[in-house]
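What follows is a set of notes on a single structure, which appears directly below.
Values quoted throughout were computed directly from the atomic coordinates according to the rules given, and no laboratory measurement underlies them. Please read all numbers here as calculations on a predicted model, not as lab measurements. Cβ placement follows ideal geometry from the backbone for every residue including glycine, while neighbour counts extend to all protein chains displayed.
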Amino acid sequence: MKISLVICPIWNFEQPPLSISYIAGQLRANKHQVNCYDLSIELLLNLSEKDKKEINQKYLAQSWYDNFDYWKERLNLDVFVDKWSIRILENQPELIGFSIYDSTQHVSLLMAEVIKKKSPETLIVFGGPSCDNDELINYGNIDFMVIGEGEDTITELIERIENKSPLKECRGLIYLENNEIIKTEKRPFINNINTIPFPYFECFELDNYPTKTLPMFTSRGCPNRCTFCSESPRWGKFRYRRAENIVDEMERNIKKYGITHYNMEDSTINGNIFEFEKMCDILISKKLGVTWGGKARIDSRMNKYFLKKMYDAGCRGLIFGVESASQSVLNHMNKNVKVEDIERIIFDSYNAGIKIGCFFIVGYINEKEEDFMDTLKFIKRNYKYIDTIYPGTGLHILKGSKLYKNAEDFGIILPHLSENGQWYTKDLSNTANIRNERLKRFNELISELYSKKEEHV
Ligand code: B12
Ligand code: SF4
């Protein structure tokens with residue numbers, strides 16, 4: 001079948017998207033003809049410098065979801081969507097797949113509408129994290145929604161369309177039949193992720209991206225289950241790729257695209273510490289000259305020799321979700337880490353030459369003033385070794401997380417049930433006002449410490 005895969009604005013501008021590249025790799029392995037379009041970078045490339053500056057901020061995504069009308073008018077998106085719909089249809093695809101995140105959803109819906117008007121017979125398939133909302137199908141113009149991991153579902157869906165076999169038996173799908181939402185049986189996660197074909201980046205003009213990096217996924221999911229996290233439940237059971245398989249992909253990338261730096265986009269790159277160490281050993285022995293970074297869990301087994309080995313294998317940056325420096329908050333979160341390990345690993349990583357970024361959650365449900373103060377003291381003690389502390393975010397109760405699913409047990413009133421749209425605890429020990437006030441102090445401290453640090457450089 002002739003297929004086009006599209007990611008709409010707004011998505012990351014630094015490198016090509018991994019979602020449609022994985023789907024493209026799988027479909028090509030099944031002998032389909034595939035074209036991919038990164039419309040986010042296409043939009044950026046044609047903007048004025050002023051608009052570029054405004055849009056080129058990483059964390060605008062929420063605004064593309066909440067205030068889409070503003071962006072639509074501001075950037076003349078109707079014209080953009082029309083132009084690209086014509087271009088995509090020029091190749092006469094029989095099926096067009098869109099990658100749906102909250103930030104890409106509105107433009108994708110607009111585009112599906114335009115495409116269906118111009119070419120009603122072209123099948124429109126939505127896939128991606130925001131497809132966990134069944135209601136999306138009611139917007140119209142979407143023939144199928146793929147829930148969860150997409151590789152096997154899209155392959156089977158196409159096979160069934162081609163063979164005219166019953167769609168109801170294809171697991172992991174949502175579609176409309178006589179105005180009724182049909183949700184087929186849940187598809188199990190792919191057990192052996194070493195069998196998934198490497199992502200296919202050939203359709204992207206890699207020179208359009210400002211960084212010479214490619215994204216990689218070395219595992220899916222996370223072995224831990226933090227209460228606030230929506231990512232580990234989304235990927236189900238933790239699965240990891242064999243070290244050799246990961247290095248093969250890097251070698252392919254060097255040969256095909258000449259790229260030696262990788263952003264590992266895993267939920268956590270060291271979920272299986274033994275396989276992770278094996279990857280480091282192979283990279284050192286093969287002398288590929290690659291560099292890489294990613295998000296990692298604090299794991300007490302990462303001693304200074306381990307971190308030095310990581311550096312020698314090309315690790316140049318790690319991001320830790322520290323969240324809090326209060327042991328009682330970390331325990332409530334089910335983080336399974338000790339404050340002293342966090343402190344030691346940050347220090348040892350710094351000494352090994354690895355740049356560290358840290359995320360903190362301000363106002364976790366059981367955080368008291370003294371817990372919050374422990375976090376501030378921790379930052380004052382350690383900021384010298386931390387390259388970036390990301391602006392604090394108040395705790396968001398994410399759909400899919402344990403906190404969301406068991407809100408009643410945790411004594412939480414969810415945002416949609418509260419008068420001001422912000423969650424709070426039933427005993428009022430944690431409210432939006434308390435969190436915002438702490439957030440202000442947190443962000444002020446970070447600005448103060450880091451402006452001092454810059455003065456010293
Ligand atoms: C890397 C990443 C980023 C990077 C982007 C880098 C890049 N590669 O472009 C950065 C740091 C910029 C980023 C930022 C943000 N991110 Co982010 N990010 C991720 C992360 C960790 C990996 C994404 C990825 O590449 N996955 C790999 C691919 C293979 O997985 P996938 O995209 O889910 O695709 C699979 C399926 O969904 C499906 N599928 C996807 N598309 C399609 C299309 C078709 C046709 C089909 C059939 C199937 C299909 O099949 C794929 C293969 O199995 C995910 C979490 C995660 N571990 O997945 C969060 C995630 C995507 N981010 C999320 C969020 C919320 C954000 C932010 C809004 C955070 C914030 N509060 O600011 C910002 C927004 C930035 C922006 N401008 O859009 C959410 C999205 C939720 C949603 N429903 O939209 C996620 C899921 C994390 C979460 N815990 O909820 N992010
Ligand atoms: S360690 Fe990170 S990815 Fe794993 S469950 Fe906790 S927050 Fe989620």
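Excluding same-chain neighbours fewer than eight residues apart, the aspartates and glutamates reachable from K380 by a Cα-Cα span under 16 Å are E323, E340, E343, E370, D371, E444, E448, E454.
Residues whose amide H falls under 5 Å from that of T393, counting only those 5 or more places apart or on a different chain, are F360, V362, with hydrogens built in the peptide plane. The spacing between region 241-296 and region 408-457, judged by their C-alpha centroids, is 36 Å.
Projecting the Cα atoms of G140, V339, I284 onto the charge dipole of the chain, computed from C-beta unit charges around the Cα centre, puts I284 farthest toward the positive end. The 3J(HN,Hα) values that the Karplus relation (6.51, -1.76, 1.60; θ = phi - 60°) gives for region 393-400 are, in residue order, 10, x, 5, 9, 8, 7, 4, x Hz. Gly and Pro appear as x.
Within the chain, C8, C131, C170, C222, C280, C315, C358 have no other Cys Cβ under 4.7 Å of their Cβ and so lack a disulfide-compatible partner by this rule. With an a/c value of 1.5 or above and a/b not larger than b/c for the gyration tensor axes a ≥ b ≥ c computed over the alpha-carbon atoms, region 197-321 is described as oblate.
Between the DSSP loop rule and a limit of at most 13 other Cβ atoms within 10 Å, which GluC sites (Glu not before Pro) in region 74-134 are left? Can you show the working numbers first?
Numbers: sites: E90, E94, E113, E121; in loops: E94, E121.
Those satisfying the criteria are E121.
List the aspartates and glutamates whose Cα lies under 17 Å from the Cα of K50, skipping any in the same chain that are fewer than 8 positions away. Result set, ordered by chain and number: E42, E73. Beyond 24 Å in Cα-Cα separation lie the following of the pairs K255/K287; K52/K399; K308/K338; K212/K399: K52/K399; K212/K399. Taking trypsin sites (Lys or Arg not before Pro) in DSSP loop states with no more than 16 other Cβ atoms inside 10 Å as exposed sites, the chain has its longest site-free stretch at 32-163.
Report, in whole Å, the centroid distance computed from the Cα atoms of region 7-79 and region 81-139. Using only Cα atoms to place each centre, the spacing works out to 13 Å. Computed about the Cα centre, the dipole magnitude for region 2-183 is approximately 440 debye when only Lys and Arg (+1) and Asp and Glu (-1) carry charge, each at its Cβ. Candidate cross-link partners of K335 among the lysines, defined by an alpha-carbon separation under 16 Å and a same-chain spacing of 8 or more, comprise K295, K402.
Tell me whether region 83-223 comes out rounded, prolate or oblate; compute the Cα gyration tensor, take square roots of the eigenvalues as a ≥ b ≥ c, and use a/c under 1.5 as the rounded threshold. Note, shape of region 83-223 comes out oblate. Scanning the chain for long hydrophobic helices, with DSSP H runs required to stretch 15 angstrom or more by C-alpha along their axis and to average at least -1.0 on the Kyte-Doolittle scale, returns 18-29, 77-90, 105-118, 151-163, 273-286, 339-352. 3J(HN,Hα) along region 408-417: 4, 4, 7, x, 9, 9, 5, x, 6, 9 Hz, from the Karplus curve 6.51 cos²θ - 1.76 cosθ + 1.60 with θ = phi - 60°, whole Hz, x for Gly and Pro. Between the alpha-carbon centres of region 199-239 and region 317-380 there is a gap of 23 Å. For q values of 0.07, 0.09, 0.12 Å⁻¹, compute log₁₀ I(q)/I(0) with the Debye formula on a Cα-only model of the chain, without solvent. Once normalised to I(0) and log-transformed, intensities are -0.39, -0.66, -1.20. Put simply, the amide H of T291, placed in the peptide plane, has neighbours under 5 Å in H261, Y262, leaving out anything fewer than 5 places away on its chain.
Assign unit charges at the C-beta atoms only (+1 for Lys and Arg, -1 for Asp and Glu), then state the dipole size of the chain relative to its Cα centre in Debye, rounded to the nearest 20.
On the way: 61 positive and 65 negative charges, 263 e Å.
Dipole about the Cα centre, nearest 20: 1260 debye.
Computed on the chain, with alpha-carbon pairs under 8 angstrom and 6+ residues apart, the relative contact order is 11 percent.
Per residue, the chain reaches -12500 deg cm²/dmol at 222 nm when only DSSP H runs of four or more residues are counted, each adding -39500 (n - 2.57).
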